[in-house]
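*Asks:* Dumping the structure here so I can ask a few things about it.
The values are calculated or read from the model by the stated rules, or taken from the named source; none is laboratory data. Note that the structure is predicted; figures quoted are calculated from it, not measured. Neighbour counts run over all protein chains shown; Cβ positions are idealised from the backbone, glycine included.
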Amino acid sequence: MSDAAMSWPDGVTYNSDGYMYTGAAQLPLTSALQADGVAKNKAPYLVYRFKPRAVGAPGF
């Protein structure tokens, strides 16, 4: 899976619906990681859902 908006996938989890979920945290855009100290992160804050190639265990 690839998407330019998915700059920092975080908290990947597998659900009983057969999909995996992860958020795009925008961590590199926070003020602590900007040279000028100004946050560049902004809405929308995205959650991605996708079918993995292999079956997983819910909650992991």
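*Asks:* Please indicate, with yes or no, whether at least one residue in region 31-54 is in a helix (DSSP H, G or I) and in contact (Cβ under 8 Å) with a residue 12 or more places away in the chain.
*Replies:* Filtering region 31-54 for residues in a helix (DSSP H, G or I) gives 31-33.
Subsequent filtering for residues that are in contact (Cβ under 8 Å) with a residue 12 or more places away in the chain retains none.
Checked against the condition, which is being in a helix (DSSP H, G or I) and in contact (Cβ under 8 Å) with a residue 12 or more places away in the chain, region 31-54 yields no hits at all.
*Asks:* Okay, moving on. Only residues that are within 30 Å of residue 17 (Cα to Cα) and either touching a His at 6+ places or on another chain (Cβ under 6 Å) or not small (Gly, Ala, Ser) (or both): list them for region 31-52, please.
*Replies:* Step one: of region 31-52, the residues within 30 Å of residue 17 (Cα to Cα) are 42-52.
Once the filter is applied, which keeps residues that are within 30 Å of residue 17 (Cα to Cα) and either touching a His at 6+ places or on another chain (Cβ under 6 Å) or not small (Gly, Ala, Ser) (or both), region 31-52 yields 42, 44, 45, 46, 47, 48, 49, 50, 51, 52.
*Asks:* Please go through region 13-40 and pick out each residue that is in contact with a Ser or Thr (Cβ under 7 Å, 6 or more places away or on another chain), of a type outside the set (A, V, I, L, M, F, W, C), at pLDDT below 90 and on the phi < 0 side of the Ramachandran plot.
*Replies:* Across region 13-40, the qualifying residue is only 28.
Results for (1) among the basic types (Lys, Arg); (2) within 13 Å of the chain's Cα centre (by Cα), shown as yes or no for each residue.
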| residue | (1), (2) |
| --- | --- |
| 11 | no, yes |
| 15 | no, no |
| 28 | no, yes |
| 49 | yes, yes |
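*Asks:* Turning to a different aspect of this structure: Run residue 15 past the list (1) surrounded by 10 or more Cβ atoms within 10 Å (Cβ to Cβ); (2) without any contact (Cβ under 8 Å) to a residue 24 or more places away in the chain and report the number of the one that doesn't hold.
*Replies:* (2)
*Asks:* Now for a separate question. So which of 57, 24, 4 is touching a residue at least 12 places away in the same chain (Cβ under 8 Å), of a type outside the set (Lys, Arg) and surrounded by fewer than 10 Cβ atoms within 10 Å (Cβ to Cβ)? So that I can check it myself, show each step before the final result.
*Replies:* On the way: 24 fails: surrounded by fewer than 10 Cβ atoms within 10 Å (Cβ to Cβ); 4 fails: touching a residue at least 12 places away in the same chain (Cβ under 8 Å).
It is 57.
*Asks:* Are any residues in region 8-29 in a loop (DSSP other than H, G, I, E, B) and more than 21 Å from residue 42 (Cβ to Cβ), and if so, which ones? Please lay out each step first, then the result.
*Replies:* Filtering region 8-29 down to residues in a loop (DSSP other than H, G, I, E, B) leaves 8, 15-19, 25-26.
15, 16, 17, 18, 19, listed by residue number.
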